[in-house]
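Each remark here refers to the structure printed beneath this line.
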Amino acid sequence: MRLHAAPLLLIAACFLHISASSPAEEMKHKERLFLRSMGLSGRPRPPRGPQARHRVPSRLWRMFRRSEDIQAGEKEPCAVEEFGVRGNIVRYVQDEGRLLPVWSSSCQTCLEKQLFFNMSVLQPAELLSLAQLEITFHRTPPSSAQLLQAPQALSVSLFEVFRITLKGADPDVNRRLLLSQTVQLKAEPTPTHMDVDLTPLAEKWRKPGQNYGLVLELRPLDVEAEDLLPFQPRTSFPLEGAFTLPLVRPTLVVVSLNPQQCGSRRRRHAVRSPVAPSNVCRTRRLYIDFRDVGWQDWIIAPQGYFANYCHGDCPFPLSESLNGTNHAILQTLVHSLDPHNTPQPCCVPIHFSPVSMLYYDNNDNVVLRHYQDMVVDECGCR
């Protein structure tokens, strides 16, 4: 179902104005329409508690705060400058993989982790602009005894899995090496970052039966004394010995563009007109508070916004301040002559502003999405 202009604004306004006596089914229907226009299959219910919910990445917070420049019309609304690509949706897709058992006799101290990112969170209409794998390494824990066992550097290998591996079979035949490099681990609290562009591979994952995930292999390395960070002892790692691996946090940053929700409109400032009677068509203030509808647990920011709405009459003769079309002017003329058979023109929004929202989706991923036509700036008779 394709929604018309300003779907979020109109649906949200109707949803908030449902009376207490309205049937529950009607309320649920309007909620479904609102969520569908946001690309959600249902109301997200992220895990409760600070430990269960993912921390919003600092980069995403910065992007959200800079969205005010987009809302003011000072920046391109369908471009993500941080990554240099086109897009109006930024998702931090969480890894759903698991640790794999050590199978290689040549590296019993290696760690292998399956990485799996669910690309079905993208709608079919979305065009994939970027899929970047971000891996963060934290050297933990900080105690001196365990630091002696913590590697100073890691050999990091990333494999694409292109077929399911049967039990007991050699996994190497069903995967191919994407990259292999050495990562020097920094001292806490500064983490080590590693970025890998996986856009072509992620595009393939969108097809049914093509996403078998990745395998991340970490191998501890011995390094020369001059390569060590200050005040950290040199140590070696026998193949049979245990060691403390860093805390690894892989995330897939996905930027996409929904052409249906990303036009080229810019914010237009409403024309200041003389004070008009209260019953004449004009912009009315309406603040939508997401707490009022119980959505504060999955909408991270903003907590609410001024959506506004249009209300009032379009009397004859239409003044210039009412922004009437030629059709509306003639309709008011006919209405003045035959009010029973010809209605007055309608008071409707004609200029809008965008709003950016930061929220959790149905898969508990953090999403930053730019929505146009969310705030009514100006009304007119049509």
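When all protein chains stay in place and ligands, DNA and RNA are ignored, the 1.4 Å accessible-area order of Phe116, Phe64, largest first, is Phe116, Phe64.
Of the whole protein surface, Glu31 contributes about 40 Å² of accessible area at a 1.4 Å probe radius. Share of carbon and sulfur in the accessible area of segment 284-382 stands at 53%, probe radius 1.4 Å.
Using the average count of surrounding beta-carbon atoms within 10 Å as a protection proxy, the listed peptides 309-315, 194-200 rank, highest first, as 309-315, 194-200. The largest accessible area among Arg382, Arg55, Arg36 belongs to the first residue in Arg55, Arg36, Arg382, and the rest follow in falling order (1.4 Å probe, all chains). For segment 305-382, the solvent-accessible area of protein heavy atoms averages 44 Å² per residue (probe radius 1.4 Å; ligands and nucleic acids excluded). Mind running the shape call on segment 285-324? Use the C-alpha gyration tensor, a ≥ b ≥ c as the square roots of the eigenvalues: rounded below 1.5 for a/c, prolate if a/b tops b/c, oblate otherwise. Since a/c reaches 1.5 and a/b is larger than b/c, the shape of segment 285-324 is classed as prolate.
The values are calculated or read from the model by the stated rules, or taken from the named source; none is laboratory data. It should be emphasised that the depicted structure is a prediction, and the values quoted were computed from it without experimental measurement. Note that each Cβ is placed from the backbone with ideal geometry, even for glycine, and that neighbours are counted across all protein chains shown. Accessible surface areas use protein heavy atoms only, side chains included; no ligands, DNA or RNA. Shrake-Rupley method; radii C 1.70, N 1.55, O 1.52, S 1.80 Å.
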